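This report concerns only the one structure given below.
The values are calculated or read from the model by the stated rules, or taken from the named source; none is laboratory data. As the structure is a prediction and not an experimental result, all values here were calculated from the model. Heads up, the Cβs are rebuilt from the backbone with ideal geometry, glycines too, and the neighbour counts pull from every protein chain shown.
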Amino acid sequence: MSAASIGETPMIEADHASKWFGDVVAVSDVSFRIGPGVTALLGPNGAGKSTLLRMLCGLTPPDRGAVRILGADPRRDISVRGRIGIVPQQEAMFEALTAFEFVRLAGLLHGVGDPAAAARWALDLVELDHADHRSTTTYSKGMKQRVKVAQALVNDPAVMVLDEPLTGLDPRQRGHLIELFGRLGEQGRCVIVSSHVLDEVERFGSRVLVVAQGRLAATGDFRAIRDLMDDRPHRIRVRTDRTREVATELISSPGVLAVRLEPAAGGRPGAVIVDTTDAPVFRRSVAAAAQRADATLLEVSPLDDDLDSVFRYLVGR
């Protein structure tokens, strides 16, 4: 796949990067370049997002191709690692420590000049009290997530790599962190945030990398990605007491690509499975079709509104 260029000055680059574990291909021939600002990495669970982020951070090497952070190989150039902030998907932290002790320790390991002051600053950014003397074992999932973000900020990094950082947060906390990521991007940092939630990604900003089945399925402006998703064919089940008659009426409805019958099973009546390019128009026309067929509508439900089906469509384009 050709390289996707997002942003003017590349701060993160992947060049035909691939990674496999035994016979399983986790990431396949991914190329892109992104610069300052917030970029969302969107994909369903198991798409290869975490593996790709681990390669970008230098935590695991690509089996083929290359990755660069600030123009350097993060596995070979130790100095560039100190300019990266990482929020892993796992809750990895020393839970016997307080949040302040944990973040200060991260500052010490990074060689920050005043790690205590840096820890207080980072915890304040994520709205946690540095004077809280409780162990992080007592923290909720959302609080632990914010501690992880604080330790990623403590070294004032140029590049931030965040793997599903909003999991477990309440709506207000999610909004605060999304706003924080936006501010960090506006300051010239390169922030890449992974998520499998489409509405969440929309709030991060307009720049999106879509990953599915280990491949880069689409790149670019969020609105363009959303249009690709909305324009895909939709599959809808119409359950009725007169399947053949309704199918005959539906085949000529606007935007209908295909119609097939689903036989009755398990005591449930049969159904008509419809592929359409315009789901809203179809939903408005299905009642009229049933009326013309003198049929009773029992169910009208989408079969492919989940994100996995969206990504499968994008990969197959």
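Worth pointing out:
- Selection from the range 36-47 of residues that are more than 22 Å from residue 188 (Cα to Cα) and either of a type in the set (Val, Ile, Thr) or surrounded by fewer than 23 Cβ atoms within 10 Å (Cβ to Cβ) (or both): 44, 45, 46
- Hits in the range 143-169 (condition: farther than 23 Å from residue 189 by Cα and under 18 Å from the mean Cα position of the chain (by Cα)): 168, 169
- Condition met for residue 261 (farther than 30 Å from residue 19 by Cα, outside the structural domain of residue 44 (by TED's automatic domain parsing), in contact (Cβ under 8 Å) with a residue 12 or more places away in the chain and surrounded by fewer than 14 Cβ atoms within 10 Å (Cβ to Cβ)): yes
- Complete set of residues in the range 121-131 that are assigned to a helix (DSSP H, G or I) and surrounded by fewer than 19 Cβ atoms within 10 Å (Cβ to Cβ): 121, 124, 125
- When the strands (runs of 3 or more DSSP E) confined to the range 1-105 are screened for residues that are at pLDDT 90 or above, those reaching at least 2 such residues are found at 12-21, 24-34, 37-42, 64-69, 84-87.
- The lone exception for residue 167 - which of (1) closer than 24 Å to residue 33 by Cα; (2) part of a loop (DSSP other than H, G, I, E, B); (3) at pLDDT below 95 it fails: (1)
- The range 264-283, subset surrounded by 12 or more Cβ atoms within 10 Å (Cβ to Cβ) and assigned to a helix (DSSP H, G or I), residue modelled with the lowest pLDDT: 279
- Residue 50 being within 30 Å of residue 17 (Cβ to Cβ), out of contact with any Leu (no Cβ under 6 Å at 6 or more places or on another chain) and in contact (Cβ under 8 Å) with a residue 60 or more places away in the chain: yes
- Enumeration of residues in the range 157-197 that are surrounded by 17 or more Cβ atoms within 10 Å (Cβ to Cβ) and over 22 Å from residue 140 (Cα atoms): 157, 158, 159, 160, 161, 184, 185, 189, 190, 191, 192
- Restricting the range 73-116 to residues that are among the polar types (S, T, N, Q) and surrounded by 14 or more Cβ atoms within 10 Å (Cβ to Cβ), the residue that is farthest from residue 59 (Cα to Cα) is 98.
- Elements of type strands (runs of 3 or more DSSP E) contained in the range 172-248, each with 1 or more residues being touching a strand residue (DSSP E or B) at 6+ places or on another chain (Cβ under 8 Å) and either of a type in the set (D, E, K, R) or free of Cβ contacts under 8 Å to residues at least 60 places away in the same chain (or both): 207-212, 215-221, 234-240
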